[in-house]
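Each reported figure results from applying straightforward, stated rules to the coordinates on display, with no laboratory input. What you see is a predicted model; the values in this text were computed from it and never measured. Cβ: placed from backbone, ideal geometry, glycine included. Neighbour counts: every protein chain shown.
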Amino acid sequence: MTSRREFLQQTAALTAALSMASLGSVFASPKQKRKIGANDVIRLGVAGVNSRGKALAMSFCKMPLCEVKCICDCDSSALEKCREEVWKITGVYPDAEPDYRRMLEREDIDGVVIAMPDHWHATAAIMALEAGKHVYLEKPTSYCPSENDLLLKAEEKYSDCVITVGTQRRSWPKLMEAIQRVRNGEI
């Protein structure tokens, strides 16, 4: 039986993959060589795989229209553990890259999954957008409000790229109730 945690991880990854896949040719950014159709395989790089990123890599690599091409982490131990887990699922070792900038230079990667430490989220997402990559960004989106302003400007500037944030908790019943209570002035 699937645990609640596994279900949420799989749901988050599926939501991100479907949102990317369903947009079809919108994915064609000026820096990308190929247009991605709704039935094309989306080639991903996953950055920050010590915990959440590893779970996301494992979820994405199980999806028929996703291929985890590259694992990126400055911690070589985490990098190798994640590559091994993806291999167990797919039978293919994704490439290893300790330098995030080098991963972004790759033309065989359409999008990146960012699960680095929180203080890297906005910077890594902006770098990915500048490189013409689509982004699945774990929350929080930034370390401080000014970084969010920069991220929003980058999203606007590189509007050919899709960015989505892992916010599956917004659909939890208790949080939905709390949001409604805030809107009603109760909190």
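Before moving on, here are some points about what is shown:
- Label-point separation in nm, Glu186 to Asn39, each point 7 Å along Cα→Cβ: 4.9
- Net charge of Cβ neighbours under 13 Å - reference Leu137; Lys, Arg +1; Asp, Glu -1: -1
- Near Asp95, the amide H atoms lying under 5 Å from its own belong to Cys70, Ile71; only residues 5 or more places off or on other chains count, and H is placed 1.01 Å from N.
- Qualifying GluC sites (Glu not before Pro) in the stretch 58-114, where qualification requires a DSSP coil assignment and no more than 16 other C-beta atoms within 10 Å, comprise Glu107.
- Neighbour cut-off at most 16 other Cβ (10 Å), DSSP loop, chymotrypsin sites (Phe, Trp or Tyr not before Pro), the stretch 58-157: Tyr143
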